[in-house]
Amino acid sequence: LRKVLWRTFGRDLMVAGLFKLVWSVCVISGAFFFIRSLLQFVNNEGWAAGTRNGWILTAAFFVDAWLLGIMLQRMGYGCMTVGIRIRAALCNAVCKKCFNMATINKDMAADAVSFMAS
């Protein structure tokens, strides 16, 4: 079952994982590099001193925050979509197996319909 799910939905999960990787890089770079650089700019020390470098840091921090939001949204959407598709495929397989059973009575059919409805 795990192999079938991986073959069917693995590519979509890998794309969501790629978005997660870019998101992680943006979080780390935003927390470490840009905050440290902005503190150097405010204290007028290091390579970040100067008005021009301040504008560059501001633009880079904006791009980082923008990418952070986009990647978080795409990662969440990708994982949610794959999860819904996996749940639908598994419910479909269980329902088909339940209705193809040789001995089925009304209670079993009602349980299968109840399972699909929830």
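The values are calculated or read from the model by the stated rules, or taken from the named source; none is laboratory data. Since the model is a prediction, treat every value here as computed from it, not as a measurement. Here Cβ is always computed from backbone atoms with ideal geometry, including for glycine, and neighbour counts include all displayed protein chains. The protein model used for the area step is the full one, side chains on, heavy atoms only, and it has no ligands, DNA or RNA in it. Shrake-Rupley method; radii C 1.70, N 1.55, O 1.52, S 1.80 Å.
Taking 7 Å along the Cα-to-C-beta vector as the label spot, tell me the residue 8-residue 81 distance in nanometres, rounded to one decimal.
1.7
Normalized C-alpha radius of gyration of the stretch 22-87, against 2.2 N^0.38 Å? Intermediate results must be reported in sequence, preceding the final value.
Values: Rg = 16.5 Å, N = 66, 2.2 N^0.38 = 10.8 Å.
Working it through for the stretch 22-87, the quotient is 1.53.
With viscosity set to 1.567 mPa s at 4 °C, what whole-number translational diffusion coefficient in µm²/s follows for the chain from Stokes-Einstein and a Kirkwood radius over Cα pairs?
Rounded, D is 71 µm²/s.
Could you tell me which residue out of 65, 95, 81 lies farthest along the dipole of the chain toward its positive end? Charges go on the beta carbon: Lys and Arg +1, Asp and Glu -1, centred on the Cα centre.
Value computed over the given set: 95.
Considering only protein heavy atoms and a probe of 1.4 Å, how much of the accessible area of the chain is carbon and sulfur, as a whole percent? Write down the numbers at each step before the final one.
Details: 6200 of 8870 Å².
Result for the chain: 70 percent of the exposed heavy-atom area is carbon or sulfur.
To the nearest 10 degrees, how steep is helix 51-99 against the longest Cα principal axis of the chain, on a 0 to 90 scale?
Approximately 10 degrees, to the nearest ten.
Dipole of the chain (Lys/Arg Cβ +1, Asp/Glu Cβ -1, origin at the Cα centre): which of 32, 44, 6 lies farthest to the positive side?
Farthest along the dipole direction, towards plus: 6.
For the chain, with every protein chain kept in place, what is the accessible area per residue (1.4 Å probe, Å²)? Kindly include the intermediate steps, with their values, before the conclusion.
Numbers: 8870 Å² over 118 residues.
Averaged over the residues of the chain, the accessible area is 75 Å².
Give the total of Lys-Lys pairs in the chain with Cα-Cα distances below 25 Å; include a pair only if its members are 8 or more places apart or on different chains. Present the calculation step by step, with values, prior to reporting the outcome.
Details: 3/20; 3/96; 3/97; 96/106; 97/106.
Summing the qualifying lysine pairs gives 5.
Fully extended, how many nm does the chain gain between residue 110 and residue 35 (0.36 nm per residue separation, minus their Cα-Cα distance)?
21.1 nm
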